[in-house]
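Everything on this sheet refers to the single structure shown next.
What follows is calculated from the coordinates using simple rules that are stated; it is not laboratory data. Quantities reported herein were computed from a predicted structural model and do not represent experimental measurements. Cβ atoms come from the backbone with ideal geometry, glycine included; neighbour counts cover every protein chain shown.
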Amino acid sequence: MNTTIFFGSCDISDLLQYTCKILSTTGKRVLLVDNTLEQYIYYGSQIHHGELKLSENDGFEIAHGFHKLSDLEVFLTKIEKYDQVIIHCTDPNFLSKSDLQKFNKKYVAVNNERIVLEKTVEFLNELFSSKGIGDGPIQLTKLVVNQVPCNIAEDYLESVLGKYPIAWSDESYEMLFDEIDFVSKINNQHSGQNNINRLSRLFKKTLIKLSEEISGLEKKEIKSAFKQAKRRKIVWGK
């Protein structure tokens with residue numbers, strides 16, 4: 001089982017659901033876990049089914065309501081094995097610093113809004129200050145969404161977290177704000193779909209690259225899955 005975690009207090013529910021759709025199209029069984037305090041994925045989809053912790057969603061599954069990583073791990077041992085598990089986490093109580101070694105890939109997703117940056121820094125401060133023995137620097141990849149020209153320094157996040165053992169990836173992701181992507185996100189939320197046909201060129205490029213990196217599959221296989229996912233239209237919960 002390949003596990004990936006995204007930190008950061010900004011809404012990337014659309015990006016993660018599109019990624020899961022592509023990965024599931026390759027034949028992998030994919031689970032997307034919402035552990036955000038804001039419940040971005042829960043409210044960014046149509047999976048509202050009372051107390052159910054697991055819901056079907058366009059070829060993959062979404063889980064929510066797990067307060068501890070250990071609870072999720074117990075849950076995963078009781079059901080059929082997933083090939084890919086992707087978590088979005090903004091709750092510092094969900095895991096400890098030592099748990100970070102359990103993940104194959106780790107990302108920090110932010111935008112330039114002050115509240116997002118400050119809440120993300122606060123979360124990472126608490127996480128890296130928690131008890132737990134690490135095995136050296138933790139590799140993190142920065143993902144900037146809805147990027148716009150502004151006065152905030154590009155290395156702001158890295159500079160304020162400089163005291164922690166973080167090894168930032170040389171290559172980061174930067175996705176410019178595009179009205180086309182925002183419109184698609186809103187339309188998908190209300191129509192009950194993960195339609196990836198009307199996305200900007202940069203968003204599509206990032207989706208393919210991110211899916212390739214998370215899965216470890218070859219680019220040509222991801223591109224083929226992306227084309228299939230564009231044709232697949234499944235309503236949430238069906």
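Taking the Cα centre of the range 2-222 as origin, work out the dipole magnitude from +1 charges on Lys and Arg Cβ and -1 charges on Asp and Glu Cβ, in debye rounded to 20.
Dipole size: approximately 380 debye.
When only alpha-carbon atoms count, how far does the range 135-189 stretch along each of its three principal axes, as whole angstroms with the largest first?
Projected onto its principal axes, the Cα set of the range 135-189 covers 43, 28, 17 Å.
Towards the positive end of the charge dipole of the chain, with charges on Cβ (+1 Lys, Arg; -1 Asp, Glu), say which of Ser13, Phe60, Leu143 has the farthest Cα.
Towards the positive end, the residue furthest out is Phe60.
Which aspartates and glutamates does Lys205 reach when only Cα atoms under 16 Å apart count, and residues fewer than 8 places away in its own chain are ignored?
Asp14, Glu171, Glu174, Asp178, Asp181, Glu213, Glu218, Glu221
If the only charges are +1 at each Lys and Arg Cβ and -1 at each Asp and Glu Cβ, what is the size of the charge dipole of the range 119-187 around the Cα centre, to the nearest 20 debye?
360 debye
Run the helix sum for the chain: -39,500 (n - 2.57) per DSSP H stretch of 4+ residues, divided by residue count, reported at 222 nm to the nearest 500 deg cm²/dmol.
It comes out at -11000 deg cm²/dmol, rounded to the nearest 500.
If you take every DSSP beta bridge whose two residues both sit in the chain, what share of them, in percent to the nearest 5, is antiparallel?
Details: 4 of 34 bridges.
Around 10 percent of the beta bridges assigned by DSSP in the chain are antiparallel ones.
How big is the equivalent ellipsoid of the range 75-155 along its three axes, where each semi-axis is √(5λ) from the Cα gyration tensor, reported in whole Å from largest to smallest?
On the way: eigenvalues 142, 56, 29 Å².
Equivalent ellipsoid semi-axes, largest first: 27, 17, 12 Å.
Which pairs, out of Lys78/Lys119; Lys53/Lys102; Lys142/Lys163, put more than 24 Å between their alpha-carbon atoms?
Details: Lys78/Lys119 34 Å; Lys53/Lys102 22 Å; Lys142/Lys163 17 Å.
Exceeds cut-off: Lys78/Lys119.
For the range 2-222, what's the relative contact order in percent, using C-alpha pairs closer than 8 Å and at least 6 residues apart?
That works out to 25 percent.
Rounded to the nearest whole Å³, what is the per residue volume of the convex hull around the Cα atoms of the range 2-222? Please list the in-between numbers first.
Working: hull volume 27.5 nm³, N = 221.
Cα convex hull per residue, to the nearest whole number: 125 Å³.
Starting from the coordinates of the alpha-carbon atoms of the range 1-101, obtain the Kirkwood hydrodynamic radius over all distinct pairs and give the value in Å to one decimal.
On the way: mean 1/r = 0.0732 Å⁻¹.
Result for the range 1-101 stands at 13.7 Å.
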